[in-house]
Amino acid sequence: MADYNALKELALSCGFSHVGDLDVDTIVVRPEVRESCAENKCRSYNKNWVCPPACGTLEECSEKIHKYKRGLILQTTGLLEDSLDYEAMMELADHHGKHMDQFSDKIHELFPDAMVIGDGQCRRCKICTYPDAPCRFPDKKSSSMEALGMVVSEVCADNGISYYYGPGTLTYVGCVLIE
């Protein structure tokens with residue numbers, strides 16, 4: 001049985017701004033989220049191992065997710081000068097990605113079967129091997145919450161953790177499923 005208070009402290013020590021409990025039973029995978037992925041607004045659809053369609057069907061994703069019962073929601077929140085502060089958005093995304101990578105490495109030492117779920121596409125390799133060769137780091141890759149069909153704000157709300165921290169803020173969200 002995991003000591004969730006200790007795991008929250010570990011997550012905060014990796015740089016996350018906010019950490020909350022996650023009840024996996026609250027997670028619903030939604031076809032409309034996957035359909036949004038297929039519109040390819042982020043330009044990652046069908047281009048890497050952690051985005052659709054390579055990350056699996058919604059049914060496969062739901063099955064993987066619901067093998068677990070508990071986990072943590074991990075957030076990195078930052079300030080923007082204005083709603084068009086792209087530089088700060090990218091810097092915050094980079095910080096969140098580094099926090100996720102650091103926490104992923106530590107959590108897998110403690111719980112090798114943990115499922116780490118990030119935001120956006122995988123950042124482990126500069127150029128993904130998809131679809132020509134297997135993933136170089138299959139034990140370190142993580143799909144985004146959206147790629148797996150989750151509405152991020154809904155998962156946060158259903159687990160009692162804020163998603164919006166006020167005007168001029170932006171929050172990136174990931175999670176880890178442990179037990």
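The values are calculated or read from the model by the stated rules, or taken from the named source; none is laboratory data. All of these numbers come straight from a predicted model, not from anything done at the bench. Cβ coordinates were reconstructed from backbone atoms using ideal geometry, including for glycine residues, and neighbour counts include every protein chain displayed.
For the stretch 76-90, check the following and say yes or no: at least one residue is crowded, with 16+ Cβ neighbours inside 10 Å, more than 16 Å from the chain's Cα centre (by Cα) and among the acidic types (D, E).
Yes, because at least one residue in the stretch 76-90 is crowded, with 16+ Cβ neighbours inside 10 Å, more than 16 Å from the chain's Cα centre (by Cα) and among the acidic types (D, E).
Just to be sure, is D21 part of a strand (DSSP E or B), out of contact with any strand residue (DSSP E or B) (no Cβ under 6 Å at 6 or more places or on another chain) and at pLDDT 95 or above?
On the way: part of a strand (DSSP E or B): yes; out of contact with any strand residue (DSSP E or B) (no Cβ under 6 Å at 6 or more places or on another chain): yes; at pLDDT 95 or above: yes.
Criteria met by D21.
Can you name the residue in the stretch 132-153 that is crowded, with 16+ Cβ neighbours inside 10 Å and more than 16 Å from A93 (Cα to Cα) and, of all such residues, is modelled with the lowest pLDDT? Explain how you work it out, then say what you get.
The initial filter retains those residues of the stretch 132-153 that are crowded, with 16+ Cβ neighbours inside 10 Å, namely 135, 141-152.
Still in the list and also more than 16 Å from A93 (Cα to Cα): 135, 141, 147-151.
Working: C135: 94, K141: 87, A147: 94, L148: 96, G149: 96, M150: 97, V151: 97.
Per the stated criteria, the residue is K141.
Quick one: in the stretch 111-131, which of the residues that are assigned to a loop (DSSP other than H, G, I, E, B) and touching a Gly at 6+ places or on another chain (Cβ under 9 Å) is surrounded by the fewest Cβ atoms within 10 Å (Cβ to Cβ)?
Initial filter on the stretch 111-131 (assigned to a loop (DSSP other than H, G, I, E, B)): 111-114, 119-131.
Okay, now just the ones that are also touching a Gly at 6+ places or on another chain (Cβ under 9 Å), so 114, 119-120, 123.
Working: A114: 20, D119: 23, G120: 19, R123: 15.
That would be R123.
Just the residues that are touching a residue at least 60 places away in the same chain (Cβ under 8 Å) and assigned to a loop (DSSP other than H, G, I, E, B), please, taken from the stretch 164-179.
As a first pass, look at the stretch 164-179 and keep what is touching a residue at least 60 places away in the same chain (Cβ under 8 Å): 165, 168-179.
Within the stretch 164-179, Y165, G168, I178, E179 qualify.
Conditions tested, residue by residue: (1) at pLDDT below 95; (2) of a type in the set (S, T, Y); (3) within 21 Å of S162 (Cα to Cα).
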| site | (1), (2), (3) |
| --- | --- |
| N48 | yes, no, no |
| H66 | no, no, no |
| T76 | no, yes, yes |
| Y86 | yes, yes, no |
| M90 | yes, no, no |
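Please enumerate the residues belonging to the stretch 31-66 that are β-branched (V, I, T) and surrounded by 15 or more Cβ atoms within 10 Å (Cβ to Cβ).
Of the residues in the stretch 31-66, the ones β-branched (V, I, T) are 33, 50, 57, 65.
Residues satisfying the conditions are V33, V50, I65.
Could you figure out which of (1) among the aliphatic types (A, V, I, L, M); (2) closer than 27 Å to A133 by Cα; (3) touching a residue at least 24 places away in the same chain (Cβ under 8 Å) isn't true of A38?
Answer for A38: the failing condition is (3).
Scan K69, K98 and give me the residue that is touching a helix residue (DSSP H, G or I) at 6+ places or on another chain (Cβ under 9 Å), touching a residue at least 40 places away in the same chain (Cβ under 8 Å) and surrounded by fewer than 16 Cβ atoms within 10 Å (Cβ to Cβ). Working first, answer last.
On the way: K98 fails: touching a helix residue (DSSP H, G or I) at 6+ places or on another chain (Cβ under 9 Å).
Sole residue among the options that is touching a helix residue (DSSP H, G or I) at 6+ places or on another chain (Cβ under 9 Å), touching a residue at least 40 places away in the same chain (Cβ under 8 Å) and surrounded by fewer than 16 Cβ atoms within 10 Å (Cβ to Cβ): K69.
If you check every pair at least six apart or on different chains, which have Cβ atoms under 6 Å apart with a residue in the stretch 145-158 that is polar (S, T, N, Q) first and a residue that is surrounded by fewer than 23 Cβ atoms within 10 Å (Cβ to Cβ) second?
Pairs found: S153/Y163.
Please state which of the following conditions R70 fails to meet, knowing it meets all the rest: (1) under 18 Å from T169 (Cα atoms); (2) at pLDDT 95 or above; (3) of a type outside the set (V, I, T).
(1)
Got a sec? Which of G78, G15, G56, G97 is in a loop (DSSP other than H, G, I, E, B), touching an Asp or Glu at 6+ places or on another chain (Cβ under 9 Å), farther than 13 Å from E146 by Cβ and not charged (D, E, K, R)?
On the way: G78 fails: in a loop (DSSP other than H, G, I, E, B); G15 fails: touching an Asp or Glu at 6+ places or on another chain (Cβ under 9 Å); G97 fails: in a loop (DSSP other than H, G, I, E, B).
That would be G56, the only listed residue that is in a loop (DSSP other than H, G, I, E, B), touching an Asp or Glu at 6+ places or on another chain (Cβ under 9 Å), farther than 13 Å from E146 by Cβ and not charged (D, E, K, R).
Being among the hydrophobic types (A, V, I, L, M, F, W, C) and modelled with pLDDT under 95 is the filter; apply it to the stretch 116-131 and report the residue that is nearest to L170 (Cα to Cα).
Restricting attention to the stretch 116-131, the residues satisfying the condition of being among the hydrophobic types (A, V, I, L, M, F, W, C) are 116-117, 122, 125, 127-128.
If we keep only those that are modelled with pLDDT under 95 too, we end up with 122, 125, 127-128.
On the way: C122: 20, C125: 25, I127: 27, C128: 28 Å.
If we take residues in the stretch 116-131 being among the hydrophobic types (A, V, I, L, M, F, W, C) and modelled with pLDDT under 95, then C122 is nearest to L170 (Cα to Cα).
Any residue at all in the stretch 47-63 that's within 14 Å of the chain's Cα centre (by Cα), farther than 26 Å from K8 by Cα and in contact (Cβ under 8 Å) with a residue 60 or more places away in the chain?
To start, the set of residues in the stretch 47-63 that are within 14 Å of the chain's Cα centre (by Cα) comprises 50-51, 55, 61.
Keeping just the survivors that are farther than 26 Å from K8 by Cα gives 51, 55.
Adding the requirement that they be in contact (Cβ under 8 Å) with a residue 60 or more places away in the chain leaves 51, 55.
Yes, the stretch 47-63 contains at least one residue that is within 14 Å of the chain's Cα centre (by Cα), farther than 26 Å from K8 by Cα and in contact (Cβ under 8 Å) with a residue 60 or more places away in the chain.
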